[in-house]
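Worksheet: one structure, shown below.
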Amino acid sequence: MPLIHRSDPPDPPGRPCSRPGAGPRERALPAAGQAPSGRLVLLLAVACGLTVANLYYAQPLLAVLRQSLHISELTAGTLITVGQAGYAAGMILLVPLGDRVENRRLTTILLAVATAACVVAGTAHGFGVLAGALLVAGAVSVVAQILVPFAAGLAPDHLRGRVVGRVMSGLLTGILLSRTLSSLITHAAGWRAVYLLSAGLMAVLAVALRGALPSRPPPATLPYGRLLRSTAGLLRRHAVLRRRALYQSLMFGGFSAFWTTVSYVLTGPPFHYSQIGVALFALAGAGGAAVAPLAGHWADHGLTRPMTAAAFATGALAFVLAGLGRHQILLLALAAVLIDMAVQTSLVLGQHTVYRLAPTARARLNSAYIAVFFVGGALGSQLGSVAYHLGGWEALTGFGAGLLTLGLLLQAPALLPRGKNAADAQNTADAETTADGVSARRPRRDARRP
């Protein structure tokens, strides 16, 4: 049965900011039914890409960092895990504030901290200092996940998937191009220049977003402790949210395992690539970001279930190709593109689904969703490093294919026809969600599987 569409309660109508002391730099919200301007969507996409890139600059540099810091392969892989663990912590502790604190102010503060963390990373001379800086940089890079639900709240219902898809294309382009950028900069000026340049970009973004974002009153006024508890309550209440988070955990775990270890393959025999070669390989993989607007279109047209399954099947096939292409660069590059397309598709479809569960709690829904799957990504990075260390590239690709095959099998019940009563029960339960994301009466288990 196709995914049943429901109408979310309308977002507050657009109006100019009227708080006392508002100056000429204040921006008005778009009028009801109108999409945010193309320039604002582009700025949000660029901001998401540049901030989340801080998590991934180190991926193609592990061989260089290992030599510079005199650490082992396994320890170098921990730098990726630390950054992703920081991001997961930020999703739990910081992103829910997007429903309580005015988003422009919150974004400016987080970008200021990101600037300082990148300066520390660029000047670090030991593993511990670099790991600590990447932990903090990862935590505050969640500004991207504050901006995505912010963009979703600005868009009307019928365009929300498309707007989210465009902003997410910027985020995932940042993830993918970060590897190319860091490799090129390292080749020209050393790995420290990567983080010092990022510090400058974070400072510029803080100023640009401060001037461009419309001021919008936060939808929740809960105390911080209750805000965090309500986020956990969303996970307990919505089986749909738990399922989508589990699916994306498996997908992102495979994605992280691939990109954490492929630099060892490229810099070793038979390729012996320099950082320029690694950069060009990462650039080929970035082509997968082009699927994000399509994923938003599929979500708007009720194709969430079949396209999610298609993404997992594509990802599993990509790992098979990667295993066969250990000595064939074209197969490895094709696998990289397919893996990136799969993770992009699954992420956009998942966010579109969870944002519909409680329109006034989108930041907390996003927090719960992404925190869970970034734990999967951190585990994928670490376990992928272990698999590569113990069994080489064949073990790594087998590990990745296994994760995505498991995700595909878990979706099998959702692809079977479901009765109308189950879908109606889900619609009723979702309609009873209050402003803080907790059901007004005894919660019922979600019946619909998107």
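Here are some notes:
- A220 vs. criteria open to solvent by less than 40 Å² (accessible area, probe 1.4 Å), modelled with pLDDT under 95 and closer than 17 Å to R100 by Cα: yes
- Hey, P149 within 20 Å of D99 (Cα to Cα) and either of a type in the set (V, I, T) or not in a helix (DSSP H, G or I) (or both) or not: no
- Looking only at the stretch 83-142, and only at residues there that are in a loop (DSSP other than H, G, I, E, B) and within 23 Å of R66 (Cβ to Cβ), the one that is most open to solvent (accessible area, probe 1.4 Å): H125
- Qualifying residue in the stretch 155-175 (condition: assigned to a helix (DSSP H, G or I), farther than 30 Å from L303 by Cβ and over 22 Å from the mean Cα position of the chain (by Cα)): no
- Filter result for V142 (of a type outside the set (D, E) and in contact (Cβ under 8 Å) with a residue 12 or more places away in the chain): yes
- Output for the stretch 234-251, where each listed residue is within 28 Å of V101 (Cβ to Cβ) and open to solvent by less than 10 Å² (accessible area, probe 1.4 Å): L234, H238, V240, L241, R244, A245, Q248
- A single entry from T353, T314 fulfils the requirement of being out of contact with any Asp or Glu (no Cβ under 9 Å at 6 or more places or on another chain), modelled with pLDDT of 90 or more, open to solvent by 10 Å² or more (accessible area, probe 1.4 Å) and hydroxyl-bearing (S, T, Y): T314.
- Residue pairs whose Cβ atoms lie under 8 Å apart, sitting 6 or more positions apart in sequence or on different chains, and linking a residue in the stretch 106-130 that is free of Cβ contacts under 8 Å to residues at least 12 places away in the same chain and under 17 Å from V82 (Cα atoms) to a partner that is of a type in the set (V, I, T) and surrounded by fewer than 17 Cβ atoms within 10 Å (Cβ to Cβ), do not occur here.
- Here the condition is being open to solvent by 20 Å² or more (accessible area, probe 1.4 Å) and either farther than 30 Å from Q411 by Cα or not basic (K, R) (or both); of L147, L177, it holds for L177 alone.
- Conditions (1) under 11 Å from A378 (Cα atoms); (2) at pLDDT below 90: number failed by G83: (2)
- Flag if L334 is hydrophobic (A, V, I, L, M, F, W, C) and in a helix (DSSP H, G or I): yes
The values are calculated or read from the model by the stated rules, or taken from the named source; none is laboratory data. Here the structure is a predicted model, which means the values were calculated and not measured. Don't worry about glycine lacking a Cβ; one is built from the backbone with ideal geometry, like all the others, and counts go over all protein chains shown. Accessible surface areas use protein heavy atoms only, side chains included; no ligands, DNA or RNA. Shrake-Rupley method; radii C 1.70, N 1.55, O 1.52, S 1.80 Å.
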